[in-house]
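The values are calculated or read from the model by the stated rules, or taken from the named source; none is laboratory data. Since the structure is predicted, the reported quantities are computational estimates derived from the model, not experimental observations. Using ideal geometry, Cβ is built from the backbone for each residue, glycine included, and neighbour counts are taken over all protein chains shown.
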Amino acid sequence: MAQIEKSEGIADWFDQRLATKKFHKVMMTEYWIPKDINFLWAMGVILASMFGILLISGIFLLMYYKPDTALAFDSVNYTIMQEVAYGWLFRHIHGVGASVIFLIIYIHMFTGIYYGSYKRGREMIWISGMLLFVLFSAEGFSGYMLPWGQMSYWAAYVITNIFGGIPVIGDELVVWIRGNFFVSDATLTRFFMLHVLLIPLAIMGAIGLHFYALRIPHVNTQTGDSVDFDTESERFLAGDKKNSKVIPFWPVFLAKDFFVLSTFLIFFFYLVFFHYNFAMDPVNFDPANDLKTPAHIYPEWYFLWSYEVLRGFFFDIAGIKAFDLGLMSFAFANGIFFLLPWLDRSPTVAPANQRPYFKVWFWLLIMVMIVLSVYGKLPPTGSNAWVGFVSSISFLVLFISLPIVTILEKRSTK
Amino acid sequence: MKEWKILGVLVIFTAILYIGVEPYAHSVMHPHVSPEDYKFTDLNDIKLKEQGNVKNGETLVQSNCTGCHGLKAAGMSAPMDKATSASVYGVVPPDISTAGLIYDKNYLAHFIKNPAKAAKLEHKFNAENPHPMPNYEWMSDEEINDMVAYLVSIAPSHVEDKKVFEEACSRCHSMRYDKIKADSDVTKYMGSYPPDLSIMIRARSYEFLNTFINNPQKQLHGTAMPRVGLSEEAQAKVMNYLESIGDSKKQEREELAPWVLGYLVILALFAYLWKIKIWREVH
């Protein structure tokens, strides 16, 4: 048993029982981050903070929200938006936050891709991050259903319908997911459960895994150079802070993150107060009506690129139905990012601009995903359908060609 | 500086994506329409005069209109209660006391002459299926002019925002969040259910609503909603009212914003100073 002595104060009292000083060292003052980074390295802390903001605003909304198809719409649009003191603020924060967090997730993801931070021992960071992306997507989708507006209903209808394309079990699976033969009260209550309990729990677990996955391989630098963390941290502790290539998580790393975060919050709250329609689609202020299909059905902006891959195939090819082709591509698009560490066959960890072939691949990917997103929202008619088709094919080709591109790059740079 | 360059790249790509999926995509889905026409210049069969014979107008209104319409301003209630008239006509004929104020005069004259045409509902009402209010095409322009002059003379000089909504909209549309129930269910008569307007101000853009109310066919071709002919001032009152119910916290939102944003700017400033202080030791 540990030696418990009369404590010298509150901190010491806790330290004797919980080893708080050791814990603080391990988690904060001696958790080493490379110094050679830029503000893109603050996205993780912004994401964690945004998750906190969503959690807190969500708890407030949960006190008044009613998961019932007859009550949901008014509980959101009347009770929360008009009756509850500052209920509108919590809803705007929650709705805009859910959208903006995806902007930061994408920046975070593409930062990782650009700097090659998914390889040489960092594969688990990437995979746990992709797991978080999938969980946040499910959280976003289930949350969007809750106000039970027109887009809630029809998005739920379209997205749950996608599962019908899975061979053999498809039809039964759709009924199982919906809890009924059509999108109904049972669908709403189960997505409510997923949104407020199961998925948030999974997200918290995955965040823990993601943070832990960073400990062993450490964070990448903006040059991709390896840092000898043992030597450099000793140098820092010895007092040579200026020449050490590492900084402690607290206070040095977080001091910068805190500045980036507070600047980001100015932008975020500007959106919350003045520019929220992009995240709270006006169409969803029409109550759900199963007899009236909206003129345009589209998902939230962060799903548009994969939605466009789904509907990009609008004609049968080689005897395979257009719907099945779209579904296969959709499954491919959503799964392929997980495999990125193995598709990139070059061992080089460096920013994309120092990799002659990968550089081209990276910027093409960005462009294709933006084109997919824009055309995922436009009505898929006339030439739009063809742009969607070509960009969907381009997306698939880009990922299929990544191993070849990186192998060629490896050979050319030897 | 490198970080500024990175920020620039981020901002540019975010802006391209934003413009593509928001303003651009919406401009494709909802093509721009010509602005509101509060003079209803397409209606030009009758040349209205500056003055009219109010006395003659009164006689004409009493002999032609009050058989169906109430005229409380002149002490006449509607001949039937709302439920009865709704079942007889399919819709409740409005009390016309305020008509001279809230509707454009040119519109009003043409509506009397040919309601379906003025309301742009000729695709719904025609010889086989006549508009509930008959045409008064047999009247001379002079007589219609006199009736409009009379309606203007008895109209109040001012009406509340909510009153305009009740007169012009609530015979078909409900406003649940203000406990207004539509006078009658016109689903059968109109062929579709007129939506509740409680939060319509959030469901459609300001520009859409303004052009739509002014001329529904422009935004929703073939819709059963009539053009009601509100004057510019009256329509502004309807919009105010829609906003006061559907976006009732707008003022609170706009008043709170500077405090929150101001706080965050100060926070960011201190955060920057703290960052400088901490990083001075390591750079």
Inset, instruction - Being hydroxyl-bearing (Ser, Thr, Tyr) and in contact (Cβ under 8 Å) with a residue 12 or more places away in the chain is the filter; apply it to the stretch B:189-204 and report the residue that is farthest from B:PRO132 (Cα to Cα). - result: B:SER198
Legend entry - Filter pass, A:HIS210 being out of contact with any His (no Cβ under 6 Å at 6 or more places or on another chain), closer than 30 Å to B:LYS5 by Cβ and assigned to a helix (DSSP H, G or I): yes
Inset, instruction - Within the stretch B:198-234, count every residue that is buried (at least 20 other Cβ atoms within 10 Å of the Cβ), of a type in the set (A, V, I, L, M, F, W, C) and within 11 Å of chain A (Cβ to nearest Cβ). - result: 5
Legend entry - the stretch A:235-251, residues that are more than 9 Å from every other protein chain (Cβ to nearest Cβ) and closer than 15 Å to B:LYS275 by Cβ: A:PRO248, A:PHE249, A:TRP250
Inset, instruction - Mind listing whichever residues of the stretch A:120-167 are of a type outside the set (A, V, I, L, M, F, W, C), part of a loop (DSSP other than H, G, I, E, B) and crowded, with 20+ Cβ neighbours inside 10 Å? - result: A:ARG122, A:PRO147
Legend entry - Residue list for the stretch A:353-383, restricted to those being over 17 Å from A:TRP301 (Cβ atoms), in a helix (DSSP H, G or I) and among the polar types (S, T, N, Q): A:ASN353, A:GLN354, A:SER383
Inset, instruction - Please indicate, with yes or no, whether at least one residue in the stretch B:4-26 is without any contact (Cβ under 8 Å) to a residue 60 or more places away in the chain and under 29 Å from B:GLY229 (Cβ atoms). - result: yes
Legend entry - Given (1) part of a loop (DSSP other than H, G, I, E, B); (2) under 30 Å from A:GLY149 (Cβ atoms); (3) touching a residue at least 12 places away in the same chain (Cβ under 8 Å), number of the condition B:HIS131 does not satisfy: (2)
Inset, instruction - Report, by residue number, each residue of the stretch A:264-273 that is at the interface with chain B (Cβ under 7 Å from one of its Cβ atoms) and surrounded by fewer than 21 Cβ atoms within 10 Å (Cβ to Cβ). - result: A:ILE266, A:PHE269, A:TYR270, A:PHE273
Legend entry - Matching residues, the stretch A:113-158, being β-branched (Val, Ile, Thr) and either free of Cβ contacts under 8 Å to residues at least 12 places away in the same chain or within 29 Å of B:SER198 (Cα to Cα) (or both): A:VAL158
Inset, instruction - Select, from A:LEU254, A:LEU214, the only residue that is at the interface with chain B (Cβ under 10 Å from one of its Cβ atoms), within 25 Å of A:ILE53 (Cα to Cα) and in contact with a helix residue (DSSP H, G or I) (Cβ under 8 Å, 6 or more places away or on another chain). - result: A:LEU254
Inset, instruction - Identify, from the list A:PHE323, A:PHE314, A:PHE332, A:PHE338, the residue that is away from every other protein chain (no Cβ under 14 Å), surrounded by fewer than 19 Cβ atoms within 10 Å (Cβ to Cβ) and not in a helix (DSSP H, G or I). - result: A:PHE314
Inset, instruction - Working carefully through the options B:MET200, B:MET175, find the one that is at pLDDT 95 or above, closer than 28 Å to B:ALA83 by Cα and within 11 Å of the chain's Cα centre (by Cα). - result: B:MET200
Inset, instruction - All but one of (1) out of contact with any Pro (no Cβ under 9 Å at 6 or more places or on another chain); (2) surrounded by fewer than 16 Cβ atoms within 10 Å (Cβ to Cβ); (3) within 14 Å of another protein chain (Cβ to nearest Cβ); (4) not in a helix (DSSP H, G or I) hold for A:PRO347, so report the exception by its number. - result: (3)
Legend entry - Selection count, the stretch B:24-38, where residues are in contact with a Pro (Cβ under 7 Å, 6 or more places away or on another chain) and modelled with pLDDT of 95 or more: 0
Inset, instruction - Within the stretch A:396-412, identify whether any single residue is without any contact (Cβ under 8 Å) to a residue 24 or more places away in the chain, among the charged types (D, E, K, R) and surrounded by fewer than 18 Cβ atoms within 10 Å (Cβ to Cβ), and answer yes or no. - result: yes
Inset, instruction - Return yes or no: is A:ASP290 crowded, with 16+ Cβ neighbours inside 10 Å and more than 29 Å from A:ALA42 (Cβ to Cβ)? - result: no
Inset, instruction - Pick out, from the stretch A:1-112, the helices (runs of 4 or more DSSP H) lying fully within it that include 3 or more residues that are surrounded by 15 or more Cβ atoms within 10 Å (Cβ to Cβ), modelled with pLDDT of 95 or more and more than 14 Å from every other protein chain (Cβ to nearest Cβ). - result: A:43-62
Inset, instruction - Go through the stretch B:154-170 and give me each residue that's small (Gly, Ala, Ser), touching a residue at least 60 places away in the same chain (Cβ under 8 Å) and either in a loop (DSSP other than H, G, I, E, B) or touching a Cys at 6+ places or on another chain (Cβ under 6 Å) (or both). - result: B:ALA155
Inset, instruction - Answer yes or no as to whether B:LYS237 is assigned to a helix (DSSP H, G or I), at the interface with chain A (Cβ under 10 Å from one of its Cβ atoms) and crowded, with 18+ Cβ neighbours inside 10 Å. - result: no
Legend entry - Positions within the stretch B:67-94 being part of a loop (DSSP other than H, G, I, E, B), touching a Ser or Thr at 6+ places or on another chain (Cβ under 8 Å) and at pLDDT 90 or above, in sequence order: B:CYS68, B:GLY70, B:PRO93
Inset, instruction - Identify, from the list A:PHE259, A:PHE278, the residue that is farther than 25 Å from A:TYR114 by Cα and aromatic (Phe, Trp, Tyr). - result: A:PHE278
Inset, instruction - With respect to B:LEU273, determine if the residue is in contact with a His (Cβ under 9 Å, 6 or more places away or on another chain), within 12 Å of another protein chain (Cβ to nearest Cβ) and over 22 Å from B:ILE96 (Cβ atoms). - result: no
Inset, instruction - Kindly indicate whether any position in the stretch B:27-42 is farther than 30 Å from A:ILE104 by Cα, in the same structural domain as B:HIS131 (by TED's automatic domain parsing), under 29 Å from the mean Cα position of the chain (by Cα) and in a helix (DSSP H, G or I). - result: no
